[in-house]
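Below is one structure, written out as structure tokens; comments come after it.
Here, each number is a calculation from the coordinates, and none is a lab measurement. The model shown is predicted, which means the values in this text are computed figures rather than measured ones. No Cβ is skipped: glycine too gets one built from the backbone with ideal geometry, and neighbour counts run over all protein chains shown.
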Amino acid sequence: MQSSSRPRLVALASGVALLAGCATGAPDLPQFIAQPASDGPAIGPPTSPPTSGAPPVAVQMAPPLQAVLRISQAVWEELTDDERARLRSKQDIVLLREDQYGVIIDAQGQDQSSPGTVGGAVLGSSVANAAYIDHALRGGNYSATGQLALGLAGAVIGSSLDAKPTAQFQFRYTVKQGDGEIKYFDEFKATPFRHSVGVCVLLPDLTLVTQQLCTQTAAAVRARYLR
């Protein structure tokens with residue numbers, strides 16, 4: 001057996017060596033990485049070599065979008081007319097009264113969720129079971145499977161009277177407004193997550209905003225936006 005299989009192995013090894021000798025490596029493919037452009041499609045490789053001496057193509061970039069800058073009216077009045085004009089040319093300005101923003105200094109929460117009711121389903125199942133047993137006693141034909149099926153059907157019908165569980169949380173925030181006044185604001189949510197103490201929010205909807213609004217001064221606005 002060994003002597004008969006040896007020539008086959010030799011032939012197979014020779015064939016593999018011949019194929020390996022004839023195989024050549026695949027040529028390297030040209031690679032091109034397009035740079036994505038935020039304001040337009042990516043520019044691909046040129047279809048023909050550029051002509052020597054041709055002027056370079058200028059790519060025009062879209063101007064950046066203007067951001068909204070919230071400034072308190074008290075700080076805005078401290079700025080000069082020239083400074084206000086420069087700010088308006090750079091950004092959209094939203095003026096806020098000092099009672100329209102503030103810092104949360106305390107937060108309390110209460111879980112007001114309800115688990116729902118099941119009385120309707122229980123009542124429906126009980127009525128169905130009682131009706132089935134009464135009918136079986138009068139007719140003399142009782143089936144445990146039939147009673148179970150009718151009881152389940154009664155429970156399904158009775159469940160339409162039940163209230164579904166609800167998730168509701170109430171949070172009461174103590175907020176120090178920009179004018180120094182302290183007021184309470186209530187928030188009702190379906191999740192137990194709330195704002196942290198110390199964050200800056202808009203009032204009365206308690207929208208989170210940049211912390212710089214609650215510590216804003218005319219000097220800070222000049223240093224940050226008018227340098």
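Residues that are touching a strand residue (DSSP E or B) at 6+ places or on another chain (Cβ under 7 Å), closer than 29 Å to I71 by Cβ and without any contact (Cβ under 8 Å) to a residue 40 or more places away in the chain: which strands (runs of 3 or more DSSP E) entirely in segment 111-202 hold 3 or more of them?
Values: elements: 169-177, 182-189, 200-202.
Filter on segment 111-202 gives 182-189.
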Among the residues of segment 165-183, is there at least one that is surrounded by fewer than 12 Cβ atoms within 10 Å (Cβ to Cβ) and within 30 Å of S125 (Cβ to Cβ)? yes
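Search segment 74-96 for residues being out of contact with any strand residue (DSSP E or B) (no Cβ under 7 Å at 6 or more places or on another chain) and among the polar types (S, T, N, Q), and hand back the single one that is surrounded by the fewest Cβ atoms within 10 Å (Cβ to Cβ).
Applying the first criterion (out of contact with any strand residue (DSSP E or B) (no Cβ under 7 Å at 6 or more places or on another chain)) to segment 74-96 yields 74-75, 77-86, 88-90.
So of that shortlist, the ones also among the polar types (S, T, N, Q) come out as 80, 89.
On the way: T80: 11, S89: 8.
So, considering only residues that are out of contact with any strand residue (DSSP E or B) (no Cβ under 7 Å at 6 or more places or on another chain) and among the polar types (S, T, N, Q), the one surrounded by the fewest Cβ atoms within 10 Å (Cβ to Cβ) is S89.
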